[in-house]
1. Residues of the stretch 312-327 with backbone nitrogen within less than 15 Å of a virtual label 7 Å along the Cα-to-Cβ line of residue 43, please, listed as ranges.
2. Run the numbers for residue 150 and residue 560: contour at 0.36 nm per residue of separation, minus the present Cα-Cα distance, in nm.
3. Between residue 108 and residue 441, what is 0.36 nm times their sequence separation minus the Cα-Cα distance? Round to one decimal in nm.
4. Roughly how many nanometres apart are two label points built 7 Å out from the Cα toward the Cβ at residue 55 and residue 448?
5. Sort 612-625, 324-337 by the packing proxy (mean of other Cβ within 10 Å over each peptide's residues), most packed first.
6. Starting from the 7 Å offset along Cα-to-Cβ, what nm value, one decimal, do you get for the label separation of residue 383 and residue 585?
7. Just to be sure I understand the model, the point goes 7 Å from the Cα along the line to the Cβ. What's the resulting residue 321 to residue 80 distance in nm?
8. Using the beta-carbon distance between residue 571 and residue 632 and R0 = 41 Å, what value does 1/(1 + (r/R0)^6) give for FRET efficiency, to the nearest 0.05?
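Quick note: the coordinates plus some simple rules give every number you see, no bench work behind them. Model, not experiment: these values are computed from the prediction. Glycine gets a Cβ as well: all are built from the backbone with ideal geometry, and neighbour counts include every protein chain shown.
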């Protein structure tokens with residue numbers, strides 16, 4: 001979900017809600033770049049170095065794959081981003097005696113070598129309250145050991161509750177670590193959990209409901225571990241309910257065995273191993289940690305491009321073979337289409353992360369749309385009536401304009417469209433261009449005004465935004481919002497449907513009555529109720545467009561980078577256009593969105609975002625005629641685009657002319673959530689863009705009539 005607001009006093013600018021649930025799409029995904037971290041050990045379990053690309057053979061679903069990248073890392077050639085170690089103390093599943101042994105062993109490990117760690121490490125504490133990370137990654141082992149001393153056991157929940165919370169915690173860690181660069185070793189210091197229903201033999205019946213639930217969770221965990229570059233080590237081998245021989249993940253829900261969700265199984269499937277051996281009391285925990293951290297110092301990074309799996313069977317098995325005797329490769333053993341999940345927003349208890357690092361994603365980058373000028377659009381649409389309505393819609397959705405499409409030309413093109421689908425695609429195309437400069441031929445060649453003249457124009461604009469706008473009378477108007485998104489158009493010929501291709505289509509329309517009283521904007525109660533109901537379906541609602549937005553943007557622009565841009569010719573004559581940039585510490589542009597704070601909970605987050613944009617004004621009156629805003633968002637956020645354009649013009653209210661909003665466009669791109677009634681968890685779905693085309697009409701003076709009755 002995306003909400004954006006400008007709030008000097010909690011005044012909202014706009015609120016765009018992406019659908020809270022995005023169902024997995026049945027369409028065949030594109031080829032994906034699959035990145036693997038591989039460790040190789042000899043017969044004694046020691047790391048093997050000196051391997052070359054030709055020593056590796058990768059099989060995806062049994063088919064050999066061509067290596068597209070290769071790197072070998074050791075003490076002499078370390079990765080740019082150091083390997084991070086996550087030491088998870090599982091007080092949720094450890095009993096009292098084992099907890100004390102693990103706690104003391106972790107402290108001993110951290111205090112070795114005078115507390116100097118070879119790799120940055122974090123302490124992660126899992127309890128019945130969730131995940132806690134007391135400090136960011138550090139190589140100061142003594143500081144971390146002091147944190148470990150304060151950890152207490154808290155095994156109070158029933159086995160089923162511990163299972164659900166443990167699985168959710170592991171998924172949450174993968175989501176939080178996905179945007180963080182570099183490899184991570186997650187050492188889960190605990191026995192693991194009893195998977196439900198317990199796999200005690202072929203005679204145990206597992207319902208289709210449970211099979212689907214567990215399959216979804218396995219898919220989330222394995223994809224998440226690989227995408228986040230996490231190698232998992234975990235589990236004690238001391239009881240059959242926790243232990244299982246290495247098994248491959250299921251290809252479909254019908255092949256699920258609950259042993260697939262055991263910690264020791266997931267560790268093997270991620271390229272790791274069971275953490276502590278069967279004779280737990282005879283091997284110091286610190287020594288065991290040292291043994292597995294050898295994986296952090298010597299490993300290989302490989303990548304290949306794999307085609308999609310078979311339709312309706314998203315499973316990919318992975319095998320890495322080494323052309324040498326008595327060596328074993330350890331890496332992810334499988335993944336499912338799509339190969340990655342999106343990052344979660346930072347929240348309480350989140351693993352420390354690098355906020356400026358773009359999300360890790362192995363999915364192939366889509367090809368950019370063709371960019372064409374307005375004149376080329378006119379040429380291509382000159383024979384629009386010779387094609388079907390659906391085909392023109394697909395054509396219009398296959399490119400973007402490099403210049404703004406004027407309303408006059410838009411109206412002319414719209415009249416020539418053969419049907420409603422092509423007209424809808426044309427609206428979306430024009431809305432995308434609304435944030436661009438007009439064609440060069442439409443920009444007057446007037447000289448740049450002198451600095452004093454620029455100051456004069458801007459002072460009129462400030463006066464207009466702060467004072468003149470407040471003199472609007474009490475009135476009410478209708479705001480109509482039509483939402484567009486990409487869908488697959490179909491054409492029916494003799495009852496047989498044929499897909500024409502992706503095209504922008506209108507999928508929802510809503511209306512609201514807005515009242516402006518005593519200088520304040522008020523949404524009609526019935527419209528507010530409808531607005532709240534539509535928040536789950538992707539509606540956009542603008543607030544403050546009649547005044548507060550202008551005063552806030554003008555105030556932000558004045559205090560920061562404001563400069564002359566160019567002249568334009570508008571409906572009322574010449575317009576002066578200024579550009580501005582507002583940094584985060586000066587911004588009142590609030591971006592709100594839903595994000596995962598764990599895997600069972602979707603939480604609303606609010607962040608002030610830096611932004612930039614333009615303001616077009618009447619140079620003689622200072623009247624604001626056009627406003628564009630582009631939020632400069634952190635690429636790690638689930639929402640990565642939040643743009644707004646509002647055009648103002650003269651309307652009559654009570655037979656007097658006033659400048660009010662006429663049209664608006666909002667574009668938002670972000671990730672919804674893939675959820676299932678069967679799964680314990682949510683994950684991020686594919687990025688979705690929504691274009692909102694907004695009109696403001698039916699302006700009426702607001703009066704109250706009274707009669708005295710005798």
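1. 324-327
2. Working: separation 410, 0.36 × 410 = 147.60 nm, distance 4.69 nm.
Answer, rounded to one decimal: 142.9 nm.
3. Answer, rounded to one decimal: 112.5 nm.
4. 6.1
5. 612-625, 324-337
6. Label-label distance for residue 383 and residue 585, simple model: 6.0 nm.
7. Output for this residue pair reads 3.4 nm.
8. 0.85
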